[in-house]
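Here the structure is laid out as structure tokens; the discussion comes afterwards.
The values are calculated or read from the model by the stated rules, or taken from the named source; none is laboratory data. Since we're looking at a predicted model, the values are computed, not measured. For neighbour counting, all protein chains shown are included, and Cβ atoms are generated from backbone atoms with ideal geometry for every residue, glycine included. Please note that ligands, DNA and RNA were not included when accessible areas were found on the heavy atoms of the full protein model with its side chains. Shrake-Rupley method; radii C 1.70, N 1.55, O 1.52, S 1.80 Å.
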Amino acid sequence: MKIPLIKPYIDQNIKNKVLEVLDSGYLTEGTVTKEYEDKFADYIGCKHAIAVTSCTTGLEIALRAMGIDAGDEVIVPDYTYPATAAVAPIVGATSVIVDVNRETMHIDYNAVQSAITKKTKAIIPVSSFGNPIDYEKLNLIKEKFGLYIIEDAAPSVGAAYENKMVGNLADITVFSFHPRKFITTGEGGMITTNNKEWAEWMNSYKHFGMNISGAIHEGICFERIGTNYKLSNILAAIGLGQLNKIDSLLKKRKNLAENYLNLLSGTKEIEFPSTTINGKHSYQSFILFHKNRDTIMKRMHNNGIEVQIGTYALHMHKAFKYNPLVKIEGKMKNSKWCYEHALTLPLYNELTFKQQKFIVEKIKSL
Ligand SMILES: Cc1ncc(COP(=O)(O)O)c(C=O)c1O
């Protein structure tokens, strides 16, 4: 492809830091990961940040930390990556899938209210593509029904709502560092929370259930059955180098998104998703809606421009359609519409204005 969909930001400083880790011989999780966690928590303004192997494993241990288990229900949106709805069944609970709002692509707050039962314990909303969710609306539901909010902020590092960073708004938030995300470590994720008890539990669980202030051997004691979801020093070094530059990276991303909006404005048959009032979009992805999305995709690919759909409508997939631990609430009309119309354009730090003009010319000519 002449113009890829994404290109991770990797500068010489990041390469040097990775080499430093390799030379140190300490390749598993260690002080570099700890530095990454501390700086991440500082950036978000929250008390605890826990690095994990992915957003998916992070969401899973968040549910476990909250004690969500067989018989409990967790409400999730239909229009999202499968991970959002897979984690409740992974811990033995039930995912209750509801429709999204067509304009924002966020979980539909009315559909959430209608899906709440005595078994509902939590909601996992997704701040889709970097657009923060409407916390005012969500918190009303949370308070009224006494539920937890675990935000799937896989795409939303750097987004904010009413001057508070995403990561400091939900009970627990989980970010992804997959290469399509704003900060990438190849694979990886970060959990943020202000709850000390959950943070300690999750930290222990991802370290084989270890309690490092325990007493059995050299301060180590295994308190519970845990697992290994640690993020290695090597990967943390990549994330750290990007985090150090996040403000300038975000600024560039916002300029690029504004260029697209200006270049495409007034184009017949193109619509844009709406952004949350009082929110700051981090533009992990630039999305537009078009009724001939698939034709455009094909022709863009023929012109060497890599584009993608937005994301998936989970109710259409076997994994969710026929699963006894999944309840599909409603017809998912909006989710299906977003799935059929959303198109993601190339967006990355090195993308030039000239390339953006070329991309837009190709779209317009179709
Ligand atoms: C909304 C959402 N949630 C979760 C994930 C999974 O993230 P990871 O690959 O880090 O597990 C993704 C990945 O694309 C995503 O878009």
- Message: Quick check on my filter: what residues within the stretch 182-197 are more than 10 Å from the ligand (Cβ to nearest atom) and either of a type in the set (S, T, Y) or closer than 16 Å to K142 by Cβ (or both)?
- Response: T192, T193, N194, N195
- Quick one: in the stretch 144-160, which of the residues that are more than 14 Å from the ligand (Cβ to nearest atom) and closer than 22 Å to G310 by Cα is surrounded by the fewest Cβ atoms within 10 Å (Cβ to Cβ)? A160
- Item | Residue check, E103 within 19 Å of P273 (Cβ to Cβ) and either touching a Gly at 6+ places or on another chain (Cβ under 9 Å) or at pLDDT below 95 (or both) | no
- Query: Of the residues I14, I107, I97, which single one is open to solvent by less than 20 Å² (accessible area, probe 1.4 Å), in contact with a Leu (Cβ under 9 Å, 6 or more places away or on another chain), more than 16 Å from the ligand (Cβ to nearest atom) and more than 25 Å from E200 (Cα to Cα)?
  - Reply: I14
- Message: Just checking, does the stretch 27-36 include any residue being touching a Gly at 6+ places or on another chain (Cβ under 8 Å), away from the ligand (no atom under 16 Å from the Cβ) and open to solvent by less than 10 Å² (accessible area, probe 1.4 Å)?
- Response: no
- Query: Condition test on S128, is it among the polar types (S, T, N, Q) and within 12 Å of the ligand (Cβ to nearest atom)?
  - Reply: yes
- Message: Pairs please, first residue from the stretch 161-181 and within 12 Å of the ligand (Cβ to nearest atom), second anywhere and open to solvent by 40 Å² or more (accessible area, probe 1.4 Å) and among the β-branched types (V, I, T), Cβ atoms under 6 Å, 6+ apart in sequence or on different chains.
- Response: R180/I6
- Task: With respect to G330, determine if the residue is among the small types (G, A, S) and within 22 Å of T120 (Cβ to Cβ).
- Result: yes
- Message: Just to be sure before I move on: is I133 more than 10 Å from the ligand (Cβ to nearest atom), among the aliphatic types (A, V, I, L, M) and farther than 23 Å from K7 by Cα in the structure I sent?
- Response: yes
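Among the residues of the stretch 65-93, what is the count of those that are within 16 Å of the ligand (Cβ to nearest atom) and surrounded by fewer than 18 Cβ atoms within 10 Å (Cβ to Cβ)?
Qualifying residue count for the region: 3.
Given the criterion within 30 Å of V74 (Cα to Cα), open to solvent by 50 Å² or more (accessible area, probe 1.4 Å) and among the charged types (D, E, K, R), identify the matching residue among K318, K268, K362.
Unique residue meeting the criteria: K318.
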- I61: on the phi < 0 side of the Ramachandran plot, within 16 Å of the ligand (Cβ to nearest atom) and not aromatic (F, W, Y), yes or no? yes
